[in-house]
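Beneath this line is the structure, given in structure tokens, with notes to follow.
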Amino acid sequence: MTCPAMANPCETSTPNRLNPPLVRLPKLVQGVGFAFFQRKAMRHWINRHGRIFEINVPFFGRSVVVSDPALVRSVCTASTEQLINVQPNVGNWFGPGSIFALDGSRHRDRRRLLAPAFHGQRLKDYETITVDETLRESANWPENQEFRIFEPMNRITLNVMLRILFGADGAELEELSEIVPSYMKLGQLMAFVPAPPRWTGRHGPWGKLDEVRKALDRIVFTLIDRAEDDSRLGERADILALLLRTRRDDGTEMSRLDICDELLTLIGAGHETTGTALSWAFERLRRHPDVLAELVREVDAGGSDLRRATIFEVLRVRTVIDSVGRRVRAPNFDLGGWRVPHDRTVFVRIADLHENPEIFPHPERFDPYRFRSTKPAAPAWLAFGGGARRCLGADFAIAEMDIVLRTVLQNFRIQTDAAADEKSHFRGVAHVPKLGGRVVMNRRK
Ligand code: HEM
């Protein structure tokens with residue numbers, strides 16, 4: 001694999017000590033492009049400099065941007081001694097006890113603890129909850145009338161996540177489901193913008209975020225207190241119980257603050273991402289009657305192959321999270337022919353990998369059949385990132401999308417038409433359908 005428009009091939013035996021091509025614009029201008037017009041700016045810079053180049057932007061500083069599959073593989077397979085999580089990251093938003101804020105052995109231990117809750121048999125256990133929540137949410141959907149599917153999808157994925165985390169529903173979960181959406185909206189925007197030093201203000205976005213966080217902490221601590229008093233805690237399968245039971249190698253427990261940070265992380269990372277991907281699925285199906293008709297035939301016959309392929313294709317063609325970042329911890333990190341120095345940021349551009357016509361012919365087309373007989377594979381398909389920090393909830397997200405889509409297709413007929421594609425709107429972390437994924441549906445008799 002070579003890097004188009006690069007003077008050197010990507011793979012060289014002796015690392016080249018020069019920096020990748022540099023975007024030569026004032027830092028602030030690059031920052032505006034990066035923050036507000038990221039997709040356009042990245043396409044422009046890739047056309048100009050190739051699939052590795054360097055930018056200089058506020059908060060992240062000098063950053064190498066890669067979208068060449070061979071180079072992306074090197075980033076994904078690097079050890080945590082070489083690369084740590086990008087700084088700042090969403091750990092800023094969820095708190096220091098969040099998995100996003102951990103590196104090295106503490107990060108590995110946390111993954112080992114949480115991973116079983118989102119794999120294997122446990123996914124089957126969540127099926128009933130997901131069907132229940134989908135039927136509950138869709139009970140009052142209007143018929144023959146256009147509506148935004150984004151909020152309903154997010155409510156389904158949020159309620160599923162709350163039930164998995166806390167084990168039961170109740171007044172506190174209802175309160176959480178009311179407050180979480182504003183925490184998500186504001187948190188995404190502020191996640192990468194640390195509060196100014198000595199910030200004490202109660203006003204402004206950081207003050208507002210603090211206020212919402214305090215309200216969330218109050219509810220989560222009530223749920224922790226109740227779980228600690230539960231005589232059946234040892235038998236409970238929910239994630240709060242798992243975190244309360246866990247002991248580190250030295251026998252110590254996780255602190256209540258860390259448990260709270262991690263629960264909010266899982267709520268945050270685990271619902272709007274999947275809700276957004278589902279909204280994009282409906283946005284695409286409205287405009288692709290042939291695929292939709294085939295999916296309905298398949299669901300009626302009890303199949304699932306095309307539905308799975310559709311999910312993979314939605315996640316490719318409408319990437320929810322565009323990039324993942326790392327920071328060089330080692331003295332240097334050799335990336336193809338380039339040597340990236342200590343402390344520099346490396347961004348992997350997921351969206352630009354997914355749009356690469358050498359890997360995905362006609363990448364702009366929504367074509368689930370491209371994944372009918374082949375499963376998507378890293379590093380070309382990277383919707384969930386890759387390597388030591390690959391999305392912990394990837395299997396769960398796919399299973400959840402599958403069940404929600406199946407339940408909706410079994411119960412509703414989605415109207416198709418030639419409406420213009422919805423544009424993508426960047427909320428700070430996720431790229432969501434700009435009009436909320438507008439759909440018209442009728443109940444199937
Ligand atoms: C379609 C839905 C989803 C998408 C597109 C998505 C995407 C991602 C991406 C791109 C990353 C960063 C990986 C990296 O840095 O290399 C990530 C990390 C993560 N995701 Fe997801 N995610 C989704 C759903 C979920 C769900 C349902 C959960 C709930 C368990 C979840 C939990 C996490 C966690 C905990 C991490 C941090 C992993 C770590 O740092 O070790 N995600 N996700």
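The 3J(HN,Hα) values that the Karplus relation (6.51, -1.76, 1.60; θ = phi - 60°) gives for the range 326-341 are, in residue order, 9, 10, 6, 8, 5, x, 8, 10, 7, 10, x, x, 10, 10, 9, x Hz. Gly and Pro appear as x. Taking only the C-alpha atoms of the range 369-444, the Rg (one decimal) and the largest Cα-Cα distance, Dmax (whole number), read 15.7, 44 Å. Solvent exposure of the chain, expressed per residue, is 46 Å² of accessible area, with all protein chains present and a 1.4 angstrom probe.
Subtracting the Cα-Cα distance of Arg297 and Arg148 from 0.36 nm times their residue separation leaves 51.1 nm of extension gain. Only protein heavy atoms count here; on that basis, with a 1.4 Å probe, Tyr369 has an accessible area of about 100 Å². The gain in end-to-end length when the Thr374 to Leu135 segment is fully stretched comes to 82.9 nm, 0.36 nm per residue minus the alpha carbon separation. Using R0 = 25 Å, the C-beta based FRET efficiency linking Ser255 and Ala330 works out to 0.25. Sorting Val220, Val296 on solvent-accessible area from highest to lowest, probe radius 1.4 Å, gives Val296, Val220.
Could you tell me the center-to-center distance, by alpha carbons, between the range 76-100 and the range 234-248 in angstrom? Centre-to-centre (Cα) distance: 24 Å. Subtracting the Cα-Cα distance of Glu178 and Asp229 from 0.36 nm times their residue separation leaves 15.8 nm of extension gain. Calculated [222 nm] ellipticity per residue, helices only, for the chain: -15000 deg cm²/dmol; basis is -39500 (n - 2.57) per DSSP H run with n ≥ 4, divided by all residues, nearest 500. Expressed as a whole percent, the accessible area of the chain that falls on carbon and sulfur atoms is 53 (1.4 Å probe). Using R0 = 41 Å, the C-beta based FRET efficiency linking Thr77 and Ala171 works out to 0.30. Each part reduced to its alpha carbon centroid, the range 313-384 and the range 395-415 end up 26 Å apart. Under the rule a/c < 1.5 gives rounded, and otherwise a/b versus b/c splits prolate from oblate, where does the chain land using the Cα gyration tensor? Judged from the Cα gyration tensor, the chain comes out oblate (a/c at least 1.5, b/c at or above a/b). Across the cross-link table entries Lys375/Lys445; Lys375/Lys434; Lys185/Lys214, which are compared at the Cα atoms, the separations over 24 Å belong to Lys375/Lys445; Lys375/Lys434. Listed values for the range 139-146 are Karplus-derived 3J(HN,Hα) couplings in whole Hz (6.51 cos²θ - 1.76 cosθ + 1.60, θ = phi - 60°), namely 4, 10, 5, x, 9, 6, 9, 5, and x replaces Gly and Pro. For the range 32-52, the residues whose backbone nitrogen is under 15 Å from a point 7 Å from the Cα of Glu358, taken along Cα to Cβ, are 46-52.
Spin-label pair Arg111-Gln410: with each label point 7 Å from Cα along the Cα-Cβ axis, the two points sit 3.5 nm from one another. Label-to-label distance, Ala418 versus Ala35, with points set 7 angstrom from Cα along the beta-carbon direction: 4.1 nm. Please state the shape class of the range 190-299: rounded when a/c is under 1.5, otherwise prolate if a/b exceeds b/c and oblate if not, all from the C-alpha gyration tensor. Oblate. Averaging the sequence gap over all C-alpha pairs within less than 8 Å and six or more residues apart, then dividing by the number of residues, gives the range 367-442 a relative contact order of 20 percent. Could you calculate the FRET efficiency of Thr246 with Arg218 from 1/(1 + (r/R0)^6), where r is the beta carbon distance between them and R0 is 25 Å, rounded to 0.05? After rounding to 0.05, the efficiency reads 0.60. Lys214 exposes around 140 Å² of accessible area when a 1.4 Å probe is run over every protein chain in place. When the residues His119, His431 are ordered by accessible surface, computed with a 1.4 Å probe over the protein chains alone, the sequence from largest down reads His119, His431. Largest to smallest in accessible area, the residues Ser373, Ser67, Ser105 fall in the order Ser373, Ser105, Ser67 (1.4 Å probe, all protein chains included). I'd like the Karplus ³J(HN,Hα) series for the range 224-237: coefficients 6.51, -1.76, 1.60, θ = phi - 60°, whole numbers in Hz, and an x wherever there's a Gly or Pro. Using θ = phi - 60°, the values come out as 5, 4, 5, 5, 4, 8, 7, 5, 9, 3, x, 9, 5, 9 Hz.
Using only side-chain charges placed at the Cβ, +1 for Lys and Arg and -1 for Asp and Glu, the dipole size of the chain relative to its Cα centre rounds to 1400 debye. Computed with a 1.4 Å probe over protein heavy atoms only, the accessible area of His271 comes to about 10 Å².
The values are calculated or read from the model by the stated rules, or taken from the named source; none is laboratory data. Everything numeric here is computed off the predicted structure, so don't read it as measured data. Virtual Cβ from ideal backbone geometry, glycine too; neighbours counted across all protein chains shown. Only protein heavy atoms, including side chains, enter the accessible area calculation; ligands, DNA and RNA are left aside. Shrake-Rupley method; radii C 1.70, N 1.55, O 1.52, S 1.80 Å.
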